[in-house]
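Asker: Have a look at this one.
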Amino acid sequence: MKSPQVSVLMPCFNAADTLPETLDSILAQTHPDFEIIAVDDGSADDTASILQSYAAQDPRLQPLRLPHQGIIPTLNAGLEACHAEFVARMDADDLSPPQRLAAQSHYLDEHPEVGLVASLVEGFPQSELRGGFRIYIEWLNSLIENEAIYRERFVESPLAHPSVMFRKSLVQELGGYQEHGWAEDYDLWLRMAEIGTRFAKFPEVLLQWRDHPPRLTRTDSRYSLSNFLRAKAHYLM
(Lines give C-alpha, C1' and ligand atoms only; values in the text may rest on other atoms or scores of the structure.)
Protein backbone atom coordinates (compact mmCIF):
# COMPACT_ATOMS: atom_id res chain seq x y z
CA MET A 1 0.00 0.00 0.00
CA LYS A 2 1.40 3.40 -1.03
CA SER A 3 2.07 5.84 1.80
CA PRO A 4 0.29 9.20 1.65
CA GLN A 5 2.31 12.34 1.03
CA VAL A 6 1.11 14.03 4.24
CA SER A 7 0.15 12.74 7.68
CA VAL A 8 -1.86 15.04 9.93
CA LEU A 9 -0.84 14.37 13.53
CA MET A 10 -3.68 15.36 15.86
CA PRO A 11 -3.73 14.57 19.60
CA CYS A 12 -7.19 14.62 21.16
CA PHE A 13 -8.19 14.82 24.81
CA ASN A 14 -11.79 15.51 25.87
CA ALA A 15 -12.24 17.44 22.62
CA ALA A 16 -15.83 16.49 21.78
CA ASP A 17 -17.07 20.10 21.76
CA THR A 18 -14.68 21.23 19.01
CA LEU A 19 -13.59 18.01 17.29
CA PRO A 20 -16.30 17.80 14.56
CA GLU A 21 -15.55 21.32 13.34
CA THR A 22 -11.82 20.58 13.30
CA LEU A 23 -12.24 17.30 11.43
CA ASP A 24 -14.50 18.94 8.88
CA SER A 25 -11.83 21.55 8.18
CA ILE A 26 -9.15 18.92 7.60
CA LEU A 27 -11.30 16.59 5.52
CA ALA A 28 -12.14 19.54 3.25
CA GLN A 29 -8.49 19.96 2.22
CA THR A 30 -7.76 20.36 -1.49
CA HIS A 31 -4.66 18.16 -1.17
CA PRO A 32 -5.57 14.75 -2.62
CA ASP A 33 -3.18 12.55 -0.66
CA PHE A 34 -3.22 12.69 3.15
CA GLU A 35 -4.15 10.75 6.26
CA ILE A 36 -5.20 11.92 9.72
CA ILE A 37 -3.62 10.14 12.68
CA ALA A 38 -5.95 11.16 15.51
CA VAL A 39 -4.60 9.98 18.86
CA ASP A 40 -7.19 9.88 21.63
CA ASP A 41 -5.36 10.30 24.93
CA GLY A 42 -7.88 8.39 27.05
CA SER A 43 -10.69 10.93 26.72
CA ALA A 44 -13.63 10.64 29.12
CA ASP A 45 -16.14 12.42 26.85
CA ASP A 46 -17.46 11.53 23.37
CA THR A 47 -14.14 12.06 21.59
CA ALA A 48 -13.67 8.35 20.81
CA SER A 49 -17.18 7.88 19.41
CA ILE A 50 -16.85 11.00 17.24
CA LEU A 51 -13.57 9.73 15.80
CA GLN A 52 -15.06 6.30 15.11
CA SER A 53 -18.11 7.83 13.42
CA TYR A 54 -15.99 9.98 11.12
CA ALA A 55 -13.56 7.11 10.40
CA ALA A 56 -16.46 4.91 9.31
CA GLN A 57 -17.30 7.52 6.66
CA ASP A 58 -13.77 8.45 5.57
CA PRO A 59 -10.84 5.99 5.61
CA ARG A 60 -8.33 8.84 5.60
CA LEU A 61 -9.05 9.20 9.32
CA GLN A 62 -7.21 6.64 11.45
CA PRO A 63 -8.06 6.88 15.15
CA LEU A 64 -5.62 5.57 17.73
CA ARG A 65 -6.96 5.22 21.28
CA LEU A 66 -4.51 5.10 24.19
CA PRO A 67 -4.76 5.18 27.98
CA HIS A 68 -4.34 8.71 29.29
CA GLN A 69 -0.63 9.57 29.32
CA GLY A 70 -0.38 13.27 28.51
CA ILE A 71 0.62 15.27 25.48
CA ILE A 72 4.22 14.09 24.95
CA PRO A 73 3.62 10.29 24.87
CA THR A 74 0.49 10.96 22.80
CA LEU A 75 2.43 12.97 20.22
CA ASN A 76 5.22 10.39 20.02
CA ALA A 77 2.76 7.51 19.58
CA GLY A 78 1.04 9.45 16.81
CA LEU A 79 4.33 10.36 15.14
CA GLU A 80 5.32 6.69 15.09
CA ALA A 81 1.98 5.83 13.45
CA CYS A 82 2.35 8.45 10.70
CA HIS A 83 3.04 6.85 7.31
CA ALA A 84 4.12 10.00 5.46
CA GLU A 85 7.44 11.84 5.47
CA PHE A 86 5.64 15.20 5.75
CA VAL A 87 3.83 15.55 9.09
CA ALA A 88 1.39 18.41 9.68
CA ARG A 89 0.49 19.16 13.27
CA MET A 90 -3.08 20.00 14.14
CA ASP A 91 -4.92 20.37 17.43
CA ALA A 92 -8.44 19.14 17.98
CA ASP A 93 -9.84 22.63 18.58
CA ASP A 94 -8.33 24.58 15.68
CA LEU A 95 -9.26 25.06 12.01
CA SER A 96 -7.27 24.89 8.78
CA PRO A 97 -8.37 26.48 5.48
CA PRO A 98 -8.71 24.05 2.54
CA GLN A 99 -5.39 25.00 0.92
CA ARG A 100 -3.19 24.41 3.97
CA LEU A 101 -1.81 20.92 3.31
CA ALA A 102 -1.32 21.58 -0.39
CA ALA A 103 0.53 24.84 0.25
CA GLN A 104 2.90 23.51 2.92
CA SER A 105 3.66 20.17 1.25
CA HIS A 106 4.39 21.92 -2.05
CA TYR A 107 6.73 24.29 -0.20
CA LEU A 108 8.69 21.40 1.36
CA ASP A 109 8.83 19.64 -2.01
CA GLU A 110 10.23 22.76 -3.65
CA HIS A 111 12.66 23.56 -0.80
CA PRO A 112 14.53 20.39 0.22
CA GLU A 113 16.86 22.47 2.41
CA VAL A 114 13.93 23.41 4.71
CA GLY A 115 13.14 21.05 7.59
CA LEU A 116 9.97 22.74 8.84
CA VAL A 117 7.46 25.17 7.40
CA ALA A 118 4.95 26.95 9.63
CA SER A 119 2.42 29.62 8.65
CA LEU A 120 0.81 32.81 9.77
CA VAL A 121 -2.03 32.29 12.24
CA GLU A 122 -5.26 34.00 13.19
CA GLY A 123 -6.77 33.82 16.66
CA PHE A 124 -10.46 33.11 17.16
CA PRO A 125 -13.12 33.67 18.37
CA GLN A 126 -12.31 37.37 18.27
CA SER A 127 -14.59 38.12 21.23
CA GLU A 128 -12.60 35.81 23.54
CA LEU A 129 -9.02 36.62 22.55
CA ARG A 130 -6.94 37.76 25.50
CA GLY A 131 -4.75 40.82 25.07
CA GLY A 132 -1.55 38.88 25.61
CA PHE A 133 -2.54 36.31 23.01
CA ARG A 134 -3.25 39.05 20.46
CA ILE A 135 0.18 40.59 21.08
CA TYR A 136 1.87 37.19 20.79
CA ILE A 137 0.15 36.41 17.47
CA GLU A 138 1.15 39.83 16.07
CA TRP A 139 4.80 39.16 17.03
CA LEU A 140 4.65 35.57 15.74
CA ASN A 141 3.28 36.68 12.37
CA SER A 142 6.09 39.22 12.00
CA LEU A 143 8.72 36.46 11.90
CA ILE A 144 8.69 35.11 8.34
CA GLU A 145 12.30 34.49 7.31
CA ASN A 146 14.59 31.82 8.74
CA GLU A 147 17.00 34.50 10.00
CA ALA A 148 14.24 36.28 11.94
CA ILE A 149 13.06 33.03 13.50
CA TYR A 150 16.61 32.25 14.66
CA ARG A 151 17.20 35.78 15.91
CA GLU A 152 14.02 35.86 18.01
CA ARG A 153 13.90 32.22 19.18
CA PHE A 154 14.88 33.07 22.76
CA VAL A 155 12.20 35.76 23.09
CA GLU A 156 9.27 33.34 22.83
CA SER A 157 8.32 30.34 20.73
CA PRO A 158 8.57 31.72 17.16
CA LEU A 159 6.35 29.00 15.65
CA ALA A 160 2.75 28.07 16.40
CA HIS A 161 2.85 24.32 16.97
CA PRO A 162 -0.45 23.44 15.23
CA SER A 163 0.61 25.48 12.18
CA VAL A 164 3.76 23.51 11.35
CA MET A 165 4.55 20.82 8.80
CA PHE A 166 7.91 19.08 9.25
CA ARG A 167 9.92 16.19 7.87
CA LYS A 168 9.24 13.14 10.02
CA SER A 169 12.77 11.79 9.62
CA LEU A 170 14.24 15.02 11.04
CA VAL A 171 12.11 14.90 14.20
CA GLN A 172 12.78 11.19 14.69
CA GLU A 173 16.54 11.77 14.38
CA LEU A 174 16.22 14.35 17.17
CA GLY A 175 14.51 11.82 19.44
CA GLY A 176 10.92 12.99 18.90
CA TYR A 177 9.12 15.07 21.49
CA GLN A 178 10.89 15.04 24.86
CA GLU A 179 9.91 15.64 28.48
CA HIS A 180 12.01 18.27 30.22
CA GLY A 181 9.34 20.01 32.27
CA TRP A 182 8.78 22.78 29.75
CA ALA A 183 6.81 23.21 26.49
CA GLU A 184 7.46 20.23 24.22
CA ASP A 185 7.09 22.24 21.01
CA TYR A 186 9.45 25.05 22.07
CA ASP A 187 11.95 22.42 23.17
CA LEU A 188 11.77 20.79 19.73
CA TRP A 189 12.32 24.10 17.89
CA LEU A 190 15.38 24.85 20.05
CA ARG A 191 16.81 21.39 19.42
CA MET A 192 16.21 21.83 15.70
CA ALA A 193 18.02 25.17 15.82
CA GLU A 194 20.98 23.59 17.60
CA ILE A 195 21.64 21.36 14.57
CA GLY A 196 21.12 24.19 12.08
CA THR A 197 17.67 23.24 10.77
CA ARG A 198 16.33 25.71 8.23
CA PHE A 199 12.87 27.05 9.11
CA ALA A 200 10.30 28.75 6.90
CA LYS A 201 6.94 30.37 7.44
CA PHE A 202 4.34 30.40 4.68
CA PRO A 203 3.20 34.04 4.41
CA GLU A 204 -0.51 33.26 4.57
CA VAL A 205 -2.89 32.41 7.41
CA LEU A 206 -3.12 28.61 7.28
CA LEU A 207 -4.35 28.12 10.84
CA GLN A 208 -7.18 29.54 12.89
CA TRP A 209 -5.94 29.16 16.46
CA ARG A 210 -8.67 28.87 19.06
CA ASP A 211 -8.20 30.70 22.36
CA HIS A 212 -10.40 29.24 25.09
CA PRO A 213 -10.00 28.09 28.71
CA PRO A 214 -9.16 24.39 28.01
CA ARG A 215 -6.07 25.24 25.91
CA LEU A 216 -2.98 23.48 27.28
CA THR A 217 -1.10 26.77 27.37
CA ARG A 218 -3.61 27.93 29.97
CA THR A 219 -3.87 24.70 31.98
CA ASP A 220 -0.48 22.90 31.89
CA SER A 221 2.45 24.11 34.02
CA ARG A 222 4.88 23.21 31.21
CA TYR A 223 3.79 26.42 29.50
CA SER A 224 4.33 28.69 32.51
CA LEU A 225 6.67 31.67 32.30
CA SER A 226 9.11 30.09 34.77
CA ASN A 227 9.38 26.90 32.69
CA PHE A 228 9.87 28.88 29.48
CA LEU A 229 12.75 30.66 31.25
CA ARG A 230 14.20 27.29 32.26
CA ALA A 231 14.10 26.12 28.64
CA LYS A 232 15.80 29.30 27.42
CA ALA A 233 18.54 29.06 30.06
CA HIS A 234 19.15 25.39 29.24
CA TYR A 235 19.69 25.98 25.52
CA LEU A 236 21.54 29.25 25.93
CA MET A 237 24.07 27.38 28.06
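The values are calculated or read from the model by the stated rules, or taken from the named source; none is laboratory data. Predicted, not measured: the structure shown is a model, and the values here were computed from it. With ideal geometry, Cβ positions are generated from the backbone for all residues, glycine too; neighbour counts draw on all protein chains shown. The area values use the complete protein model at the heavy-atom level, side chains included, leaving out ligands, DNA and RNA. Shrake-Rupley method; radii C 1.70, N 1.55, O 1.52, S 1.80 Å.
Asker: Can you tell me which of (1) surrounded by 14 or more Cβ atoms within 10 Å (Cβ to Cβ); (2) small (Gly, Ala, Ser); (3) over 20 Å from LEU159 (Cα atoms) is the one ALA44 doesn't meet?
Answerer: Result: ALA44 passes all but (1).
Asker: Moving on to the next point. Could you tell me whether GLU113 is within 17 Å of PHE202 (Cα to Cα), open to solvent by 70 Å² or more (accessible area, probe 1.4 Å) and part of a helix (DSSP H, G or I)? First the steps, then the outcome.
Answerer: Details: within 17 Å of PHE202 (Cα to Cα): yes; open to solvent by 70 Å² or more (accessible area, probe 1.4 Å): yes; part of a helix (DSSP H, G or I): no.
The answer is no for GLU113.
Asker: Looking at region 57-101 only, could you name the residues that are over 12 Å from CYS12 (Cβ atoms), part of a strand (DSSP E or B) and open to solvent by 50 Å² or more (accessible area, probe 1.4 Å)?
Answerer: Correct list: GLN62 only.
Asker: Check LEU140 against each of (1) within 16 Å of LEU116 (Cα to Cα); (2) in contact (Cβ under 8 Å) with a residue 24 or more places away in the chain; (3) not aromatic (Phe, Trp, Tyr) and name the one condition it does not meet.
Answerer: Exception for LEU140: condition (2).
Asker: Sticking with this structure for a sec: Give the residue, chosen from GLU138, GLU184, GLU145, that is at pLDDT 95 or above, among the acidic types (Asp, Glu) and in contact with a Phe, Trp or Tyr (Cβ under 8 Å, 6 or more places away or on another chain). Let's see the steps before the verdict.
Answerer: Details: GLU138 fails: in contact with a Phe, Trp or Tyr (Cβ under 8 Å, 6 or more places away or on another chain); GLU145 fails: in contact with a Phe, Trp or Tyr (Cβ under 8 Å, 6 or more places away or on another chain).
Of the residues listed, the single one that is at pLDDT 95 or above, among the acidic types (Asp, Glu) and in contact with a Phe, Trp or Tyr (Cβ under 8 Å, 6 or more places away or on another chain) is GLU184.
Asker: Ok, one more. All but one of (1) assigned to a helix (DSSP H, G or I); (2) over 16 Å from HIS161 (Cβ atoms); (3) open to solvent by 20 Å² or more (accessible area, probe 1.4 Å); (4) not small (Gly, Ala, Ser) hold for LEU51; state the number of the condition that does not hold.
Answerer: (3)
Asker: Can you find a residue in region 97-116 that is among the acidic types (Asp, Glu), touching a residue at least 40 places away in the same chain (Cβ under 8 Å) and touching a Cys at 6+ places or on another chain (Cβ under 8 Å)?
Answerer: no
Asker: Ok, one more. Does region 146-189 hold any residues that are of a type outside the set (Val, Ile, Thr), open to solvent by 10 Å² or more (accessible area, probe 1.4 Å), without any contact (Cβ under 8 Å) to a residue 60 or more places away in the chain and not in a helix (DSSP H, G or I), and which are they?
Answerer: Within region 146-189, ARG153, LEU174, GLY175, HIS180, GLY181, TRP182 meet the criteria.
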